[in-house]
Amino acid sequence: MKGLFCAMMVVLLPLITAVQNSPATCAIYGSCGKKSMFGSELPCPVPENFKPNPLLREERNLLVQVCGQEWNDVEEVCCTKDQIIKLQTNLKKAENIIASCPACVKNFNNLFCEFTCSPKQRTFVNVTETSYSLDKKEVVSELDFFMDPDWASAFYDSCKGIKFAATNGYALDLIGGGARNYREFLKFLGDEKPMLGGSPFQINYKYEDLDSNYRLFNDTVYACDDKDYKCACTDCGSSCPELDPLKVGKCKIGGIPCFSFAVLVTYSTLAILIGAWHVYYFKTKRQPIMLEHGESENLDILNEDVVNEHLFFDHTITTSPLNERIVSFTNKLSDIACTFPMAVLGISTTVVLILSISMYYFGELERDPINLWVSKKSPKYREKQYFDENFGPFYRTEQIFVVNETGPVLSYSTLQWWFEVEQNLTKIIRSKQNVGYEDICFRPTEDSTCVIESLTQYFDGEIPKEETWREELKLCTDSPVNCLPSFQQPLKTNLLFSDDNIFDSNAFIVTLLVNNHTDFSVFWEQQIENYLLHLKVPDGLQLSFNTEMSLEKELNRNNDIIIVCASYLLMFLYASWALGNKTRRNRVLLGISGIAIVIGSVTSAAGLLSILGVKSTLIIAEVIPFLILAIGIDNIYLITHEYDRISETNGNLDISERISLVMSRISPSILMSLLCQLSCFSISAFVSMPAVRNFAIYSAVALVFNVSLQLTAYISILKLYEESASRLSPETESISRSHPKFSSFYFNMITKKRKLIGIFVSWTLLSLIFLPYVQLGLDQSLAVPQDSYLVKYFQNVYKYLNVGPPVYFVVKNLDYTSRANQRKICGKFTSCDEYSLGNILEQERQRSTITEPVANWFDDYMMFLNPQLDTCCRFKKGTDDICPPHFPARRCETCFAEGEWNYNMTGFPEGKSFMKYFDIWIDTPSDPCPLGGKAPYASAIDYNETAVVSSTFRSAHHPLRSQKDFIEAYQDAERITQSMKGLDVFAYSPFYVFFVQYDTIISLTLKLLAFSLSVIFVISCLFLGSVKTSLVLAVTILMIMVDIGAFLVLFGISLNAVSLVNLIICVGLAVEFCVHIVRAFTVVPNVIKNDRDSRVKHAMNTVGSSVFSGITLTKFIGVCVLAFTESKIFQIFYFRMWFSLIIISCLHAFLFLPVALGLFGGKSYADGESVLDS
């Protein structure tokens, strides 16, 4: 075999050598001059029989240096030494941009080396047009380049992913005109652009061989993941590591959440079984029964016995020990209140006044949204603090939308108008303190101009001519790096326009960045707010804007105070009427006292908590008075109505004895309700979210004050009021109001027990199906008044903003001087760790909401040292002195010599030399070297003389157009940071702190509701002494909350901190609806029979009527008024939720609960004072 191989080589070697050394066939050769004074040298067309000069050794060495070792054995080429030198210069320009991807560099060099020097040039190049130079020599004007489309496609694919960090974009944006395929790429390279550094003559790439004299160029091409020319992951997706697969979305079956599907199957199965049972039942019922004479009479007698069997039930005689202790305590309290009413009122008033005054002196309203929704102990809060302390607070943003909803927004007249407006905003408008934009603006460096993200900056603030403005704007947006603004940062089109095709955009966006966080910024923002609100906008256009201070200002501008006050007033008027009796006394004084007690309890709680340092919020200030009024007025109803009922049956008792009897019957129920509600709020007080925690604390303390004042001060007021009334109208004392009772129709309805149970259970099961569809989030536009100018701004943000918020990956505690650690964060080099920060972020761009190329300062720093980029890191020849940016090249040399710096990271600085070169890089401007670190990274790295302490790696999310998008973006960032093993890293974006709540809000909601129900069950067991009755109460409240959950979906109410607060309120109010009925069912006078039906009828005729006329109607009247509020947050999160609660709780309390108690209620206890009522 070895001999055969040698024989074949002997035969083939001369043939190979003959092919390599075959005569060159050229189409162009040498240079024949320029067509204009400032033009480039143009090649000479040559005839088919042209013979080039043989290569000299010096020329061959130069060609090998430029084009590679494969040219070492070529004897004749179609280029001269001058052409090779010119080729080297041109290739270096491109290499400065694509150097991070060796495969692209190799393909790029091969293409133009073959085009310029290939000995077979004429086989794929055809000169189609010539002209004459200034020297009257014939020069090439246009030619065809026959190109294999597969080669061209592979060439484009090897280059398309290369990032250019200086612009946070792609290299093809600069050398390919933003090409999206190989045809666009090669067309950009071939188009004649001599004045812009492009091709000096026209090159037409042809992808079909239509002439047999030519062949398609198809040299060796290298993929970006080629083993010899492998590109870094950031520039080549196929070189990247394979990340762990993402968890698939929520479990679904046929598009339905699995939970909903399981409930649906369960419900359907139950429906089928119940239906089958009914079919069997009715079928059996229709069969005739043969009775002998007399049996029908016996059956009638039996039916009478069944109907009247409750006649033989025992009466309740057992009392509850706990109930007796509570009665004993509250009777003593009421005796004091009745005996010393003026003293009790004096003490109560004094305490309330002292605490209320304390609220004025110590009270503090929390307005900062961050402090409302994020605990200061939260990791996200600490991360924000770290970012602000080490990299400076995130700049203040002033953003303006100019919109044409019916067509393209751009026209010359619009440009003229906007140039003038922007000039006023940035140059002329000043605050009363004489502060203008240039005094407070964000500047990338100290000597930089202000950052103004606006289309005007493409023209350096000077309006272009009407004849050329479209062409100039198109040129700038196609290649932003060619139209750098004065602050030297490229402006990408997605920052400025709503559409990638700028002339089809319906909106353009202008953003002003302010780097001043004092009141001076606020004063200036107030001035531009006033200017923009009164600005005359051209017909057909719409302007919306937001300043940094706008949101807080508009949140504090509440237009619904009158509506809320009207709600309180109507409840007061109704209460005054409903508390009246047949003596024609409408009891306005009692109504006023009830309202005063509510106000006093709220202000006392606020005063006490302000002394303790607990801040209030706007939610607390607006909602707690309504909450306490809704709950507190209920107790007043119960006390007053029970007093009237006792007056009917025990008119011989004096007022103090009647009140004592009232307290013995009502106070345990009030205390039980208080403990249930207090427990719900107390559990919520352990939540880390400040808005929820503070609300729960305020509610709990206010409830305690409210009930305390009702059991003392209100009892004293009632005693004094009734004594006064009896003295004025003694003859009417015995004529008390007969409170309405439920009709026979109602009691007939609740005898349909199985049907009602079936309806309510079905309702709950159907509601369970909707629970997985509850959405998360709180749209900012809902929080501001609907007449606010921010509403339109938020709409435009979702509709037109074409860029997402930035995200910073902050790396701490990493020694960058160590090569091992450098590999953990780099992305542009072939020896980076497979799962480095750069590689992970590059892969995540393909599957997450983070889509912008990461600005990796380490990669840029190392690329800055690349000796091939001879305008970047330079020393004065023979010294270690930095060569100034515009120092003559002949007097400078690169910091690293050729061969000392490699893409496999050998030669990269370590130890002390790392910080030596870092200091050079971080102080280098972006002109002429775009990789200089001063402008893009001066505020992104925290460093000292010996080390980099921490740094940020910047990227951005895709445009976020809904609350769901924002939540997903936050969760993506958290997931990505957790995947970066071995790094102390966190993700930061200004909006993250507001969305951290959604990590746990679902589990938190379920835990709070579960704990609340558990506590209600335990307290009920203690107070009622019956597990069965307590279970019925807990199940009823659970069903109410499940049904409310379904209404969240139907009414479009999302789950957030505000709705979570309301859900806690709903539990408390649901308890209020049910607990008094349940206790009246359990503790009954000894004249009431012991069977469940009798106890249900007693409970509904006594306490039930008070619950309906007091609790239900009072809340219904108060809540209905909230429907007229202008604030969407009131309409959605208060009116809709509370209206749903009232309707659902009412139906469950008056239909389901009596039926459930009648079927499953537990044992009863005798009212210890009932003998007085007999």
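The values are calculated or read from the model by the stated rules, or taken from the named source; none is laboratory data. Only a predicted model underlies this, so the values are computations on that prediction, with no experimental measurement involved. All Cβ positions, even for glycine, are placed from backbone atoms using ideal geometry, and neighbour counts span all protein chains on display.
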Exercise. If Ile563 passes every condition in (1) surrounded by fewer than 21 Cβ atoms within 10 Å (Cβ to Cβ); (2) more than 30 Å from Gly594 (Cα to Cα) but one, which one does it miss?
Worked result: (2)
Problem set entry | Test result for Met359, out of contact with any Phe, Trp or Tyr (no Cβ under 9 Å at 6 or more places or on another chain), farther than 26 Å from Ser550 by Cα and crowded, with 17+ Cβ neighbours inside 10 Å | yes
Exercise. Restricting attention to segment 833-867, which residues are within 22 Å of Lys916 (Cα to Cα) and in a loop (DSSP other than H, G, I, E, B)?
Worked result: Asn856, Leu865, Asn866, Pro867
Exercise. Counting only residues that are surrounded by 20 or more Cβ atoms within 10 Å (Cβ to Cβ) and either in the same structural domain as Asp226 (by TED's automatic domain parsing) or basic (Lys, Arg) (or both), how many does segment 846-879 have?
Worked result: 1
Problem set entry | Residue check, Gly1052 in the same structural domain as Cys676 (by TED's automatic domain parsing) and either assigned to a helix (DSSP H, G or I) or free of Cβ contacts under 8 Å to residues at least 24 places away in the same chain (or both) | no
Problem set entry | Which numbered condition Val514 misses (of (1) out of contact with any Cys (no Cβ under 7 Å at 6 or more places or on another chain); (2) buried (at least 21 other Cβ atoms within 10 Å of the Cβ)) | (1)
Seminar exercise, completed: Those residues of segment 889-930 that are surrounded by fewer than 13 Cβ atoms within 10 Å (Cβ to Cβ), at pLDDT 90 or above and among the hydroxyl-bearing types (Ser, Thr, Tyr) come to a total of 1
Exercise. Looking at (1) modelled with pLDDT of 90 or more; (2) exposed (fewer than 10 other Cβ atoms within 10 Å of the Cβ); (3) not aromatic (Phe, Trp, Tyr), which is the one condition that is false for Leu15?
Worked result: (1)
For this session: Please state which one of Leu573, Leu589, Leu569 is part of a helix (DSSP H, G or I), surrounded by fewer than 20 Cβ atoms within 10 Å (Cβ to Cβ) and touching a Phe, Trp or Tyr at 6+ places or on another chain (Cβ under 7 Å).
Result: Leu589
Exercise. If Pro690 satisfies every condition in (1) modelled with pLDDT of 85 or more; (2) in contact with a helix residue (DSSP H, G or I) (Cβ under 8 Å, 6 or more places away or on another chain) but one, which is the exception?
Worked result: (1)
For this session: Only one of these is within 22 Å of Ala171 (Cβ to Cβ) and either assigned by TED's automatic domain parsing to the domain that holds Thr406 or of a type in the set (S, T, N, Q) (or both): Val451, Val481, Val514. Name it.
Result: Val481
Problem set entry | Unmet requirement for Ala685, which otherwise passes all of (1) touching a residue at least 60 places away in the same chain (Cβ under 8 Å); (2) under 24 Å from Ile1064 (Cα atoms) | (1)
Exercise. Does Asp870 satisfy being farther than 27 Å from Arg823 by Cα and of a type in the set (D, E, K, R)?
Worked result: no
Exercise. Do we find a residue being small (Gly, Ala, Ser) and assigned to a loop (DSSP other than H, G, I, E, B) anywhere in segment 58-73?
Worked result: yes
Seminar exercise, completed: Quick count over segment 773-811, residues being surrounded by 19 or more Cβ atoms within 10 Å (Cβ to Cβ), part of a helix (DSSP H, G or I) and modelled with pLDDT of 90 or more, is 6
For this session: Quickly run through segment 1086-1114 and pick out the residues that are at pLDDT 85 or above and among the β-branched types (Val, Ile, Thr).
Result: Val1096
Exercise. Does Lys934 meet the test of being in contact (Cβ under 8 Å) with a residue 24 or more places away in the chain and basic (Lys, Arg)?
Worked result: yes
Seminar exercise, completed: Filtering segment 484-528 down to residues that are without any contact (Cβ under 8 Å) to a residue 40 or more places away in the chain and touching a strand residue (DSSP E or B) at 6+ places or on another chain (Cβ under 8 Å) yields Pro485, Leu491
For this session: Look at Val374 and say whether it is surrounded by 15 or more Cβ atoms within 10 Å (Cβ to Cβ) and within 26 Å of Ala940 (Cα to Cα).
Result: yes
For this session: Scan segment 1014-1029 for residues that are within 19 Å of Thr764 (Cβ to Cβ) and surrounded by 21 or more Cβ atoms within 10 Å (Cβ to Cβ) and jot them down.
Result: Ile1016
Problem set entry | Val1078 being touching a Leu at 6+ places or on another chain (Cβ under 7 Å), surrounded by 23 or more Cβ atoms within 10 Å (Cβ to Cβ) and modelled with pLDDT of 85 or more | yes
